[in-house]
Every structure is written in C-alpha cells, then in structure tokens.
1. Select from region 146-210 those trypsin sites (Lys or Arg not before Pro) which occupy a DSSP coil region and have at most 16 other Cβ atoms within 10 Å, ordered by residue number.
2. When averaged across all projection directions, what area in nm² does the alpha-carbon convex hull of the chain cover?
3. Using DSSP to define loop residues, name the trypsin sites (Lys or Arg not before Pro) in region 18-68 whose beta-carbon has at most 16 other beta-carbon atoms within 10 Å.
4. For the pair Lys106 and Glu149, how long in nm is the line joining their label points, each one 7 Å along Cα→Cβ?
5. Take the chain, mark every one of the GluC sites (Glu not before Pro) that falls in a DSSP loop and has at most 16 other Cβ within 10 Å, then report the longest stretch left between them, sites excluded.
6. With a length cut of 15 Å (Cα positions projected on each helix's long axis) and a Kyte-Doolittle mean of at least -0.5, go through the chain and give me the DSSP H helices that pass.
7. So what is log10(I(q)/I(0)) for region 188-228 at q = 0.15, 0.20, 0.31 1/Å, when the Debye sum runs over its Cα atoms only?
8. Would you work out the charge dipole size for region 36-78 about its Cα centre, treating the Cβ of every Lys and Arg as +1 and the Cβ of every Asp and Glu as -1, and quote it to the nearest 20 debye?
Amino acid sequence: MTPKDGPLHVAIIMDGNGRWAKKRGLPRTFGHREGVKALRRVVESAPDQGVGILTVFGFSTENWRRPVAEVSELMNLLKTYVESDLDRLSREGVRVRILGRRTGLKPDILEIIERAERRTAGNTRFLLQVAFNYGGQSDLVDAARKFAEAVEQGRARAADLDETLFETYLSTTGAPAPDLIVRTSGERRLSNFLLWECAYAELVFQDVFWPDYGPEHLKSAIAEYAARERRYGGAASDDVLATG
C-alpha cells in the first residue's frame, strides 16, 4: 500500500488486554504481557506497510485508578520493553519518544524514559511515540498553563495565540497529527486519547483484543483508511460541480 501523502502516522489505542486474559481464566497481568508482544510485532511490521510514525496509548492518567498491583505491572512492562528492545530499536533507526506527564513517575521510570529518548534521538527511519501517563484533556490543560506562564513572563502575548502556536505547547509538538486512529477490542470511543490531534484523523475500530493483534490487522486497518476520501472540511470530489 502506498501512503497518500508520504509516510502514514498511525495511532493505536491498545485495548482488550484484561478481557483477553479473563477469557482464558488468567490474571490481567498476563494480558498486559502478551500485549507487549503484540506491540513488538506491530512496531517491526509497520515500516513495511508505509507507516512512518506509530503512536500507542500505553498508560493513561486515568489508569492510576486501577489496582496497585496492576499499575505496578504496567510500569514494569514499560521498563522491560525498553530494556529488552532498546538496542534493536536503535540499530533499526527507530526514534523513541514518550508523551505525557513526567511528574509523579518514579525515578527508575524517568531514568529509562530519558535513556530511551537520548539513545534514539538521532534516528530518522521511524518514530515510535508511547503515550505514557498521558491524557488528552490533561495535555490540553498543561499546554494552556504553559502558554499562560509565557504570557505572565513576557515571552508571549495573548493576542498571538492561534492553533499553530498552541500546538507547540502540546506534548506531541514536532510530530504531524495522526492520519489514522485505530482502537482494538471492539470499543468505539477515543477514551481521552489525542483529543486535539484527532481533529481530522480517520477512525477504525477493530474487533480483536490487543494481545492477538498482528501485522495482518494493521494491514486491514490501513486498507480501510486508504479506501476513504480525506476532505479536511472540504466537499467530496463527487459533490463538486464541474465548471466549463
């Protein structure tokens, strides 16, 4: 599949780990571990499918409400994934970027996040963004607060604020908005993911639990995306009258 306008930016809400485990009579933590394997499969296959940027929802600001043991498992899985895959990601030209709030994270988590970003900062073949301790609403609030502080300090004027400037205060700044947002497990909502950036993204919902996800599912989502006409607020091509 050839991307329409250069490399695709695909964002994925990796949903269904807990239900995958429950269906098999296993603890939820087993589902999260299998979910990491699915992430590895998708990251490895995405560049061959025309994807240049992959953004995945790893841990939301709301996930802190989950049981302590499950939160601890999710934190450890981030560490495990980075520690086991960082050398390979670096060799293969993958730049790793972590989105979301860093306040409240334990020092060992902060250290591995910063190490992954430093180690891969110069890579340009593929961008992997992991939304971790991230929420779309909190990211908008944080951006608004940063701009307000810039105004208070005389570094910006309120009258200068427009969409382009505001985007520079988001944690996703520097990366284009996603072309395609995929959610697995059959749920059909965004769940506070990329609320600003999703404005013109195509949405695809797939009835597969994340631990079972693989290259074939990504290929199917991209094919559905490719069949759509992106208009960005304009008229559909068959609605435009020919003039002369």
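We did not get these values from a lab; they are worked out from the coordinates using the rules stated. Predicted model, so just to flag it, every value in this text is computed and none were measured. All Cβ positions, even for glycine, are placed from backbone atoms using ideal geometry, and neighbour counts span all protein chains on display.
1. Those satisfying the criteria are Arg155, Arg157, Arg188, Arg189.
2. Value for the chain: 16.3 nm².
3. Arg24
4. Here the modelled spin labels are 2.6 nm apart.
5. The answer is 93-186.
6. 68-91, 136-152, 215-226
7. For region 188-228, the Cα-only Debye profile gives -0.44, -0.75, -1.11.
8. 60
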